[in-house]
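Can you keep this structure in mind? I'll have questions shortly.
The values are calculated or read from the model by the stated rules, or taken from the named source; none is laboratory data. In this text, all values refer to a predicted model and were calculated from it rather than measured experimentally. Cβ placement follows ideal geometry from the backbone for every residue including glycine, while neighbour counts extend to all protein chains displayed.
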Amino acid sequence: MEVKNEFKLSFDSRSVNESFCRLVVAAFVTPLDPTIEELTDLKTAVSEAVTNCIVHAYNDSCGKIYITGQILDDNFIKIRIKDKGLGIENVQRAMTPLFTTGSSDRSGLGFTVMQSFCDRVNVISSLGSGTTVTLIKKINGRNKW
């Protein structure tokens, strides 16, 4: 697929930056004229991925989170969220609904939410090297690139 537009962003893994990422992604897809539901779904999926990095990747320390976004042919959006943190020991298990390695206040639904709001979710992780989550969603808005 041909890339029509893209951005790259890095920021500290601090909870105050989660809402910033939602706004960046929302602004990036605006030219495609997404519906409110499409926009909300994408922002929520990004929020879950970024929150996973903040909560799990750096074990109570601050590290970097990297996001790239692309508008592809046919109004597909690809958002890649990456950290260089602890990594996930068993990705398949981590993607199981209600599974969490976090404290009792964590629901274990982050990956489930991402999967329900995106067309595709891919997770690649390596212990000690970090995790990359790729979200792909088609925007059926009125504008076509």
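Could you pull out the residue among Asn52, Asn59 that is farther than 26 Å from Asn75 by Cα, in contact (Cβ under 8 Å) with a residue 60 or more places away in the chain and outside any strand (DSSP E or B)?
Asn52
For the range 1-21, which positions are surrounded by fewer than 16 Cβ atoms within 10 Å (Cβ to Cβ) and of a type in the set (Phe, Trp, Tyr)?
Of everything in the range 1-21, those that are surrounded by fewer than 16 Cβ atoms within 10 Å (Cβ to Cβ) and of a type in the set (Phe, Trp, Tyr) turn out to be Phe7, Phe20.
For Asn5, only one of the following conditions fails: (1) over 15 Å from Tyr66 (Cα atoms); (2) at pLDDT below 95; (3) not β-branched (Val, Ile, Thr). What is its number?
Of everything listed in (1) over 15 Å from Tyr66 (Cα atoms); (2) at pLDDT below 95; (3) not β-branched (Val, Ile, Thr), Asn5 misses just condition (2).
Considering every residue within the range 77-87, establish whether at least one is crowded, with 19+ Cβ neighbours inside 10 Å and among the acidic types (Asp, Glu).
Yes, the range 77-87 contains at least one residue that is crowded, with 19+ Cβ neighbours inside 10 Å and among the acidic types (Asp, Glu).
Please state which one of Val24, Val46 is buried (at least 20 other Cβ atoms within 10 Å of the Cβ), in contact (Cβ under 8 Å) with a residue 40 or more places away in the chain and within 18 Å of Cys118 (Cβ to Cβ).
Val46
Report, ordered by the first and then the second residue, all pairs with beta carbons closer than 7 Å, sequence separation of six or more or different chains, a first member in the range 27-40 that is free of Cβ contacts under 8 Å to residues at least 40 places away in the same chain, and a second member that is part of a helix (DSSP H, G or I) and of a type in the set (Gly, Ala, Ser).
Cβ pairs passing all conditions: Leu39/Ala26.
Still on this structure, I have one more. Where the second residue is among the aromatic types (Phe, Trp, Tyr) and surrounded by 14 or more Cβ atoms within 10 Å (Cβ to Cβ) and the first is closer than 20 Å to His56 by Cβ and lies in the range 1-18, which pairs have Cβ atoms under 6 Å and are six or more apart or on separate chains?
If the second residue must be among the aromatic types (Phe, Trp, Tyr) and surrounded by 14 or more Cβ atoms within 10 Å (Cβ to Cβ), the pairs left are Ser10/Tyr66; Ser13/Tyr58; Asn17/Phe11.
On the given criteria, is Val123 at pLDDT below 95, closer than 29 Å to Glu2 by Cβ, aliphatic (A, V, I, L, M) and surrounded by 13 or more Cβ atoms within 10 Å (Cβ to Cβ)?
Taking the combined requirement at face value, the residue satisfies it.
May I ask you to say which residue of Arg106, Arg93 is surrounded by fewer than 12 Cβ atoms within 10 Å (Cβ to Cβ) and either of a type in the set (Ser, Thr, Tyr) or modelled with pLDDT under 95 (or both)?
None of the other options fit; the residue is Arg93.
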